[in-house]
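The values are calculated or read from the model by the stated rules, or taken from the named source; none is laboratory data. It should be emphasised that the depicted structure is a prediction, and the values quoted were computed from it without experimental measurement. We place every Cβ from the backbone using ideal geometry, glycine too, and count neighbours over all the protein chains shown.
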Amino acid sequence: MTSLQKKLLIVIGVLSLCMCTLASSLFMATKVNPNQLHVRYQTIRDETIGKDAGILSILYFTDLQYGTFQDTKRTENLISTIEELDPSIVIFGGDLYDDAFVPTPESNQALIDFLNRIDAPYGKFSVLGEKDIDETHIQSVRDIYAQTGFEILENKQVQIANAFTLCGLSPSADVSVLANNQKEMFHIVVSHYPDNLVNDALSQDQVSLALAGNSHGTQITYPLLGGYRQTEGSKTLNRSQGASLPFSVIVSAGVGNTRIDARFNADPEIHYFLLSHD
């Protein structure tokens, strides 16, 4: 075999490997990853968490995007997983419907049936995403929450079991609702838009843990290059880029898809926290 033939074989081998890798990645991104659901577990012990409540479990999920790609099969898997985890508190981070889907009485009832299966003795809460407040969605979203026991937190803060406070911010956030928070208590803030958390008015005393979504983890994240697109409300803070904040932040990749039914390096996920005083 000549030197030229050896070089040609090497080039063909490298190209074949690249094609196989690309084909495998495309298969995983379109056929496998969107149907996987990961549970991210985290234990939080903090002396500012009320001790009388014992151990509290919180389940956080966001960006369901029901209707376009998120079908009943995927949603059944989600709800069944939540039922198995049996959390004390459930928090939904916004965007119940996908923006490309127009709600129908049938889809509304399907979501009512799904969400009514979630039992959380210390409450079920939601914030609104930008797709929720769209005029084609807002009435359906409010009706669904009203019939499933989800309390919408719109720039509103509540106290849970004398253990911590929970604040929900609207897309047009008013962080003044957190102004009187004291460092002697644990404070959880939920904002659909991560960028609402990049605010000089927020301090570590006012926020202990922040939860956000919206960006879908950019849904497709290329190695070294980062996310394939930016999302309004997640241009400063998302899974591909961060900001230095004085409190802990989790930006979830969410559970549903939008625009394209594909995920790469950003699998669907829900978060399960165990909170205790010590």
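Structure summary
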read-out	value
Residue that is modelled with the lowest pLDDT [pool: residues in region 187-222 that are part of a loop (DSSP other than H, G, I, E, B), within 18 Å of residue 65 (Cα to Cα) and of a type in the set (S, T, N, Q)]	219
Condition broken by residue 32, with the remaining ones in (1) touching a residue at least 24 places away in the same chain (Cβ under 8 Å); (2) exposed (fewer than 13 other Cβ atoms within 10 Å of the Cβ) satisfied	(1)
Residues (crowded, with 18+ Cβ neighbours inside 10 Å and free of Cβ contacts under 8 Å to residues at least 40 places away in the same chain) located in region 166-182	167, 173, 175, 177, 178, 181
Subset of region 146-177 (residues that are touching a helix residue (DSSP H, G or I) at 6+ places or on another chain (Cβ under 8 Å) and of a type outside the set (A, V, I, L, M))	147, 148, 149, 150, 151, 155, 156, 157, 162, 167, 171
Count of region 42-59 residues which are within 23 Å of the chain's Cα centre (by Cα), closer than 17 Å to residue 249 by Cα and either crowded, with 17+ Cβ neighbours inside 10 Å or not polar (S, T, N, Q) (or both)	4
Selection within region 110-156 - in a loop (DSSP other than H, G, I, E, B), touching a residue at least 40 places away in the same chain (Cβ under 8 Å) and small (Gly, Ala, Ser)	120, 129
